[in-house]
Amino acid sequence: MRDIGDLGRIVEETSDIDGIEGYKVGAILALKYGLSQICEKISSYTDLPIVYDHQKLGTDIPEISGGDILEVCKEAGVKGVIIFPQSGPETLKATVIGSENEKLKDTVRGCFKLGLTPIVGGEMTHNKYLRSEGGYIADDAPKRMYMDAAKLGVEHFVIPGTKIEKMRGYCLLLEKELKEPKFLFPGIGKEYQGGDIVAAFETVKPFSSYAIIGRAIYAAEDIKSATRRLCEVAKSFL
């Protein structure tokens, strides 16, 4: 989605539907209109939480990922941010809990100190992401990202809704570290990325989980009906 008018229309049509838990904002809208304006638009219709997906926060140096960008998110009205710490554990740490460096700790404060919820991802939904598939990311890297994040106190994780066996594995992995991990999964929509919402929710139960749904809602001919249908599926797993 790239138009703020379309965003407003979708929020207006869906925010009162039982099962909608919040709105994820991507980089295109934020770059085009400014994050504050996007958050103001959403908040004019609802007080549901806003999650910002920088696509991808966590891929720069610690000072960048854990510093002013988080202040901007907080000031705009964002409640949570999605982090893919592909730049390594120091960037992850700075983004989640801030820097311990005396010269940086006042400016690189991290999510927790700012009252933001860190939501950490490791594996994405598309093919050729991991090295064994022809990608650039080491096969064990997502597991390390998830576990390192859990050890820092992170409780919310993005797992790929298009890869059922991987979802199951990451749930089992994080269950060993956390009593109640919470999962968010993108890629839902058989006609788009291919993820099946029923199979995804079935895989992550009994853990708290949230489907991140984009085109299956905003590209639907009847947005309200599509949203209600998907929410009914989600609620059936409560």
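The values are calculated or read from the model by the stated rules, or taken from the named source; none is laboratory data. In this text, all values refer to a predicted model and were calculated from it rather than measured experimentally. A quick note on method: Cβ atoms are made from the backbone with ideal geometry, for glycine too, and the neighbour counts reach across all protein chains shown.
Quick look at the values:
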quantity	calculated
Filtered residue count, region 13-42, keeping only those that are surrounded by 14 or more Cβ atoms within 10 Å (Cβ to Cβ), of a type in the set (Lys, Arg) and free of Cβ contacts under 8 Å to residues at least 40 places away in the same chain	1
Unmet criterion (only one of (1) out of contact with any helix residue (DSSP H, G or I) (no Cβ under 9 Å at 6 or more places or on another chain); (2) modelled with pLDDT of 95 or more; (3) basic (Lys, Arg)) for Lys93	(1)
Region 142-162, subset part of a helix (DSSP H, G or I) and of a type in the set (D, E, K, R), residue nearest to Gln193 (Cα to Cα)	Lys143
Residue within region 204-211 that is under 23 Å from Gly122 (Cβ atoms), among the aliphatic types (A, V, I, L, M), modelled with pLDDT under 95 and touching a Gly at 6+ places or on another chain (Cβ under 9 Å) present	no
Residues that are touching a strand residue (DSSP E or B) at 6+ places or on another chain (Cβ under 6 Å) and assigned to a helix (DSSP H, G or I), drawn from region 189-215	Ile197, Ala200, Val204
Unmet criterion (only one of (1) surrounded by fewer than 21 Cβ atoms within 10 Å (Cβ to Cβ); (2) touching a strand residue (DSSP E or B) at 6+ places or on another chain (Cβ under 6 Å)) for Asp148	(2)
Residues within region 164-188 that are under 16 Å from the mean Cα position of the chain (by Cα), part of a loop (DSSP other than H, G, I, E, B) and not small (Gly, Ala, Ser), tallied	2
Answer from Ser65, Ser44 - the residue that is of a type in the set (Ser, Thr, Tyr) and under 18 Å from Phe157 (Cα atoms)	Ser65
Leu173, sole failed condition from (1) at pLDDT below 95; (2) surrounded by 16 or more Cβ atoms within 10 Å (Cβ to Cβ)	(1)
